[in-house]
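J.: One structure, as structure tokens, below. Some questions next.
The values are calculated or read from the model by the stated rules, or taken from the named source; none is laboratory data. Fair warning: this is a prediction, and the values are worked out from it, not measured in the lab. When we count neighbours, we look across all protein chains shown, and the Cβ atoms used for this are built from the backbone with ideal geometry, even at glycine. Heads up: the accessible areas ignore ligands, DNA and RNA and are worked out on the full protein's heavy atoms, side chains in. Shrake-Rupley method; radii C 1.70, N 1.55, O 1.52, S 1.80 Å.
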Amino acid sequence: MSLLKEPDFGTPARSGEATVELTVDGVAVAVPPGTSVMRAAAQAGLEVPKLCATDSLEAFGSCRLCVVEIDGARGTPASCTTPVAPGMVVRTQTEKLGKLRRGVMELYISDHPLDCLTCSANGDCELQDMAGVTGLREVRYGSGVDAGANHMDLLSDTSNPYFEFDPAKCILCSRCVRACDEVQGTLALTIEGRGFDSKVSPGAGGTFMESDCVSCGACVQACPTATLQERSVVELGMPTRSVVTTCAYCGVGCSFKAELRGSGDSTEVVRMVPHKDGGANEGHSCVKGRFAFGYASHPDRVLTPRVRDSIADEWREVSWEEAITHTARRLRAIQAEHGAGAIGAITSSRCTNEEVYVVQKMVRAAFGNNNVDTCARVCHSPTGYGLNQTFGTSAGTQDFASVADADVIMVIGANPTDAHPVFGSRMKKRLRQGARLIVADPRSIDLVRSPHIEAAHHLALNPGTNVAIVNAMAHVVVTEGLVDRGFVDARCENTGEWEEFIADPAHSPEAVEEITGVPASDVRAAARLYATAGNAAIYYGLGVTEHSQGSTMVMGMANLAMATGNIGRSGVGVNPLRGQNNVQGSCDMGSFPHELPGYRHVSDGSVREVYEQLWGTPLLDEPGLRIPNMFDSALDGSFRALFVQGEDIAQSDPNTGHVHAALAALDLVVVQDLFVNETAKFAHVLLPGTSFLEKDGTFTNAERRINRVRPVTAARTGKQEWQIVCEIAQAMGYPMHYDDAAQIMDEIALTTPTFSGVSFAHLDAVGSVQWPCTPERPEGTPIMHVDGFVRGKGRFMVTPYVPTRERSNRRFPLILTTGRILSQYNVGAQTRRTANVAWHPEDVLELHPHDAEVRGVADGDRVELASRVGSTSLRARISDRMPVGVCYTTFHHPVSGANVVTTDNSDWATNCPEYKVTAVQVTPSTALTAAVPAQEETTVGAGRG
Amino acid sequence: MDELGPELRMVSDIVVQFAHRPADDAAAAIAAHLTRFWHPRMRHRLVAAVDAGADVDPVVVRVARMLSPAVPAP
């Protein structure tokens, strides 16, 4: 629970009109049908005592503290489990009820340690509150050990690094168990035993760390006592104030209350509590956002600027003034010698919209070129291209809440329970309610089969064959008469050419079965389900985009959604699950070398004119360099200096050897980051950055939701990142100044039509908005393309399947695919500096048992992983989640450096790297790699060795 | 093909995506794509490589011809 309380109505809200009128303690109230008496009372401003009820969970009716009297009803029903009825007359405070409640409280307190003054939950304990509310003055049975048999000697479970479980303080309200079931959907907790022996248990009697618990914190949040308590509260004490801000991990963009102690320089973050009013997360969290914020105060933080002449030199700490002057002078000198286009910058999806905006402005206005790109290049740039071509805008179509209306959910190349866990929990909730599930993924991700969830179809396709699968599904839709003809005829174009293309028997499930490895009957069944089950929603991730046909696949999914009419209402859509917190925003802010903010091409003179007038300088009308182009140009000598904002390209970008060579070839690398990351090893200037707890600005999440990021503490470096960028631009001779971050957003709103209604003041007033947000739509746009597509008509695109050039052969017989896991984030710079390493201390290579056996590899062995471009060593994990011929690893640790082996292959349209398909060989570390035949013999189809 | 420069590798990746279209249509679409997304220096290099006799798909030659007059100086 949270000391800094938000209203708790006891039971969840029900949708619908408030048509049921009743009277509670003489107060008239109207609520929707199905509402509990407890919630109706709360809405009337009357708080009924409760312990087992909280409005994030369905009513349970176990504590009996919320009993009420209802005219005409027998006994004293629990108000949490009793639904309202028209004309109902309820009394919540009578002498009889008071006596009953005190009796209940006596029983609770008789088996509870009375150490309130020294308890970590003192002041934040609902049991303590209820003792006061009910007027408990004596416990007739005695208390603690005096009361006879009790649970006071039960031992605490301190296995989890972030919270403790003290069963001696448990009142068996089951809120933790229910939160794990209903909110998180992991079902890791249970009530073990019967009667007096009943106790909360993680799994089958083990510890939390031994159980399936994912440390989302939902149980801690739900606990009304100190039974489940954050260690930080135990160690620091209760927070005294809070600031609502936005998580800086994944693209879900959860809202949190940063609960604090102290003020000014002595401010300490005690805990991060998920915000109930957060539009993206509605009170839920994951292990990263909830607990893994300690990196912000880690001793590795760089707090003082550093410079050096050569990367072989030691760093020299300098003042901000010297660092900024030095950077500006070097950038101008390089331009003078090699041309205006010899320098550029990379923006970060971890930074705020305002920080990103000023970097692209610095490049276009101060550098005088368009050489700005963003790390979205290596994740979701195909989303921008594909959705823009088909729908007319580079963003997902829905809000997260839309999934609650989906009848069939298709997850393609995404692993939401690991990479977008809070949205994954929403999705699982809908699946437990009965929505059907199609998973298209080579791996058996958790969603394929988990408690109360089983995919109707798992299309375990060969890596690199996404387009063949989506075309085959569309072929079934078209040839079996499943097209939503009304939708297509009214709202789409290029239909005839596309239908002729897709109806070709070459695209049939039978024809591509050999390529995809998926039985044709499964593809046909999945296509029929998607097309006929009602609302069908597609959710996808980097398993779609990070392929040589990433953009084609995005267009293929858009085709499928349009053909079946699954666009423009709740429960449907094409939804990218963005990797980092501000991927959407960094793209919106004009980070791509061909686009100004709002996805407007640099060749559009009318758009350039807006900025030229405001910025007072002419802008180039030709695209700049993309990140891979920057690397290539660095190696050929035409590109000489790079400003890198909060991104570790030396670890995260593919073909590490190539990236390192490019960085080493540059005359000047400027890194703005929290830590001396892998890229900083190639840097000549290191500008310390600010953590999300210090930033003032906005993030835009995967559902286009613009959330405020509020400073919880002062910038530990003494400067906001946008200030540093502005000062560099000014030192280069280009005037660039803002009084605060709000002014930057004002400029964004002034120049970008889809943001024209956005301001910090508006966000502070309404909480958050989803763009487009305009004066005409001040509340934003949760669902896009409702009455028509942004581009007018949705455009069907012909999407031929073209195999990747990356092929397995005798020398490299396996296909490696990469991804992420729950506890770590991206290159791990943040999460590796938290206790999250307890779950994932190193990257491992997952292998199918057959592939391991034929190579003599046992679980836990160190193995060499080699591709055509490099090799690395890591530990093997034998896993039947993997198909034969495919292995998997993560890229969270620089030691193993998974990207040493990934290649330069990329999406044809956007150059997004093909991280998901690399032909590799795996050998025990002791084996001689020279023994592997060097002959290159391409096998038929990728991914089967 | 990489020894000839990344531009030829990238354009060959694009050409195969348009193989279903008539050569002239494909070349026009590819030229438009490169104009929209490629830095002028890269387009120049592509044109220069084709002019130098690089062993490329005939569609790439058509693309280079379409780009040639329009590519601004790097």
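J.: Which of the residues that make up the stretch A:642-657 are over 25 Å from the mean Cα position of the chain (by Cα) and either at the interface with chain B (Cβ under 10 Å from one of its Cβ atoms) or closer than 17 Å to A:S348 by Cα (or both)?
T.: Of everything in the stretch A:642-657, those that are over 25 Å from the mean Cα position of the chain (by Cα) and either at the interface with chain B (Cβ under 10 Å from one of its Cβ atoms) or closer than 17 Å to A:S348 by Cα (or both) turn out to be A:L642, A:F643.
J.: Could you please let me know if A:D129 is at pLDDT 90 or above, within 29 Å of A:T11 (Cα to Cα), acidic (D, E) and part of a loop (DSSP other than H, G, I, E, B)?
T.: Against the criterion (at pLDDT 90 or above, within 29 Å of A:T11 (Cα to Cα), acidic (D, E) and part of a loop (DSSP other than H, G, I, E, B)), A:D129 does not qualify.
J.: Looking only at the stretch A:568-619, how many residues end up being among the basic types (K, R) and within 14 Å of chain B (Cβ to nearest Cβ)?
T.: 1
J.: Can you tell which of A:R528, A:R432 is at pLDDT 95 or above, out of contact with any Gly (no Cβ under 9 Å at 6 or more places or on another chain) and of a type in the set (K, R)?
T.: Just a single option satisfies the conditions, and that option is A:R528.
J.: Condition (residue is open to solvent by 10 Å² or more (accessible area, probe 1.4 Å), in contact (Cβ under 8 Å) with a residue 12 or more places away in the chain, touching a helix residue (DSSP H, G or I) at 6+ places or on another chain (Cβ under 6 Å) and of a type in the set (S, T, Y)) applied to the stretch A:834-852: is it met by at least one residue?
T.: Looking for residues that are open to solvent by 10 Å² or more (accessible area, probe 1.4 Å), in contact (Cβ under 8 Å) with a residue 12 or more places away in the chain, touching a helix residue (DSSP H, G or I) at 6+ places or on another chain (Cβ under 6 Å) and of a type in the set (S, T, Y), one finds at least one in the stretch A:834-852, hence yes.
J.: Can you work out which of the residues in the stretch B:1-11 that are part of a helix (DSSP H, G or I) and facing another protein chain (nearest Cβ under 9 Å) is farthest from A:S591 (Cα to Cα)?
T.: The qualifying residue farthest from A:S591 (Cα to Cα) is B:D2.
J.: Please state which one of A:V554, A:V574, A:V518 is assigned to a loop (DSSP other than H, G, I, E, B), in contact (Cβ under 8 Å) with a residue 24 or more places away in the chain and touching a Leu at 6+ places or on another chain (Cβ under 9 Å).
T.: A:V518
J.: If a residue has to be within 14 Å of chain B (Cβ to nearest Cβ) and assigned to a loop (DSSP other than H, G, I, E, B) to count, how many in the stretch A:890-910 make the cut?
T.: 7
J.: Still on this structure, please answer the following. Do any strands (runs of 3 or more DSSP E) lying entirely in the stretch A:396-490 carry at least 3 residues that are surrounded by 24 or more Cβ atoms within 10 Å (Cβ to Cβ) and within 23 Å of the chain's Cα centre (by Cα), and which ones are they?
T.: Output list reads A:408-412, A:436-440.
J.: Could you check the stretch A:624-636 and list, in sequence order, the residues that are open to solvent by 10 Å² or more (accessible area, probe 1.4 Å) and either within 23 Å of A:L596 (Cα to Cα) or away from chain B (no Cβ under 12 Å) (or both)?
T.: If the condition is that a residue be open to solvent by 10 Å² or more (accessible area, probe 1.4 Å) and either within 23 Å of A:L596 (Cα to Cα) or away from chain B (no Cβ under 12 Å) (or both), then A:P628, A:F631 are the ones that fit.
Okay, residues lined up against (1) open to solvent by 50 Å² or more (accessible area, probe 1.4 Å); (2) without any contact (Cβ under 8 Å) to a residue 40 or more places away in the chain:
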position	(1), (2)
A:G185	no, no
A:I191	yes, yes
A:D197	yes, yes
A:A222	no, no
A:E230	no, no
A:V234	yes, no
A:V244	no, no
A:E259	no, no
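J.: Condition first: crowded, with 19+ Cβ neighbours inside 10 Å and charged (D, E, K, R). Now tell me which residues in the stretch B:24-45 satisfy that.
T.: If the condition is that a residue be crowded, with 19+ Cβ neighbours inside 10 Å and charged (D, E, K, R), then B:R41, B:R43, B:R45 are the ones that fit.
J.: Residue check, A:A506 against (1) under 15 Å from A:T799 (Cβ atoms); (2) in contact with a strand residue (DSSP E or B) (Cβ under 8 Å, 6 or more places away or on another chain); (3) small (G, A, S), all met but one. Which one?
T.: Only one criterion in (1) under 15 Å from A:T799 (Cβ atoms); (2) in contact with a strand residue (DSSP E or B) (Cβ under 8 Å, 6 or more places away or on another chain); (3) small (G, A, S) is unmet by A:A506, namely (2).
J.: For the stretch A:56-92, enumerate the residues that are buried (at least 20 other Cβ atoms within 10 Å of the Cβ) and either modelled with pLDDT under 95 or within 25 Å of A:P274 (Cβ to Cβ) (or both).
T.: A:S56, A:L57, A:A59, A:C63, A:C66, A:C80
J.: Residue pairs, Cβ under 8 Å, 6 or more apart or interchain, first in the stretch A:627-645 and among the acidic types (D, E), second modelled with pLDDT of 95 or more. List them.
T.: From residues that are among the acidic types (D, E), the pairs are A:D632/A:A662.
J.: Would you confirm whether or not the stretch A:308-329 contains a residue that is away from chain B (no Cβ under 14 Å), part of a helix (DSSP H, G or I), more than 23 Å from A:L693 (Cα to Cα) and basic (K, R)?
T.: Looking through the stretch A:308-329, at least one residue is away from chain B (no Cβ under 14 Å), part of a helix (DSSP H, G or I), more than 23 Å from A:L693 (Cα to Cα) and basic (K, R).
J.: Turning to a different aspect of this structure: Whether any residue in the stretch A:316-335 is touching a Cys at 6+ places or on another chain (Cβ under 9 Å) and buried (at least 24 other Cβ atoms within 10 Å of the Cβ) is what I want to check.
T.: Scanning the stretch A:316-335 turns up no residue that is touching a Cys at 6+ places or on another chain (Cβ under 9 Å) and buried (at least 24 other Cβ atoms within 10 Å of the Cβ).
J.: Something else now. Filter the stretch B:18-70 for residues that are acidic (D, E) and either within 12 Å of chain A (Cβ to nearest Cβ) or in a helix (DSSP H, G or I) (or both) and give the result.
T.: Scanning the stretch B:18-70 gives B:D24, B:D25, B:D51.
J.: From A:V583, A:V607, grab the single residue that is β-branched (V, I, T), within 17 Å of A:G646 (Cα to Cα) and within 33 Å of the chain's Cα centre (by Cα).
T.: A:V583
J.: Please determine whether any residue of the stretch A:289-301 is within 30 Å of A:K681 (Cβ to Cβ), in contact with a Cys (Cβ under 8 Å, 6 or more places away or on another chain) and either in contact (Cβ under 8 Å) with a residue 12 or more places away in the chain or surrounded by fewer than 23 Cβ atoms within 10 Å (Cβ to Cβ) (or both).
T.: The answer is yes; a qualifying residue exists.
J.: Tell me which residues, restricted to the stretch A:670-694, are crowded, with 24+ Cβ neighbours inside 10 Å, among the polar types (S, T, N, Q) and under 21 Å from the mean Cα position of the chain (by Cα).
T.: The answer is A:T690, and nothing else.
J.: Given the conditions (1) open to solvent by 10 Å² or more (accessible area, probe 1.4 Å); (2) part of a helix (DSSP H, G or I), and given that A:G585 satisfies all but one, which numbered condition is not satisfied?
T.: (1)
J.: Anything in the stretch A:403-458 that is hydroxyl-bearing (S, T, Y) and within 20 Å of A:L816 (Cα to Cα)? List them, or say none.
T.: Answer for the stretch A:403-458, where residues must be hydroxyl-bearing (S, T, Y) and within 20 Å of A:L816 (Cα to Cα): just A:S444.
J.: Here's a follow-up. Anything in the stretch A:790-817 that is surrounded by fewer than 23 Cβ atoms within 10 Å (Cβ to Cβ) and not in a loop (DSSP other than H, G, I, E, B)? List them, or say none.
T.: Correct list: A:G792, A:R795, A:N809.
J.: Report, by residue number, each residue of the stretch A:763-789 that is under 27 Å from A:A472 (Cβ atoms) and part of a loop (DSSP other than H, G, I, E, B).
T.: If the condition is that a residue be under 27 Å from A:A472 (Cβ atoms) and part of a loop (DSSP other than H, G, I, E, B), then A:H785 is the only one that fits.
J.: Further question on the same structure: How do the strands (runs of 3 or more DSSP E) wholly within the stretch A:670-760 filter down when requiring 3 or more residues that are in contact with a Phe, Trp or Tyr (Cβ under 7 Å, 6 or more places away or on another chain) and closer than 22 Å to A:A280 by Cα: which remain?
T.: A:705-709
J.: Which residue out of A:A761, A:A765, A:A729, A:A742 is buried (at least 19 other Cβ atoms within 10 Å of the Cβ) and either hydrophobic (A, V, I, L, M, F, W, C) or not assigned by TED's automatic domain parsing to the domain that holds A:T690 (or both)?
T.: Of A:A761, A:A765, A:A729, A:A742, the one residue that is buried (at least 19 other Cβ atoms within 10 Å of the Cβ) and either hydrophobic (A, V, I, L, M, F, W, C) or not assigned by TED's automatic domain parsing to the domain that holds A:T690 (or both) is A:A729.
J.: Same structure, new question: For A:R777, which of the numbered conditions (1) modelled with pLDDT under 95; (2) in the same structural domain as A:Q360 (by TED's automatic domain parsing) fails to hold?
T.: Of everything listed in (1) modelled with pLDDT under 95; (2) in the same structural domain as A:Q360 (by TED's automatic domain parsing), A:R777 misses just condition (2).
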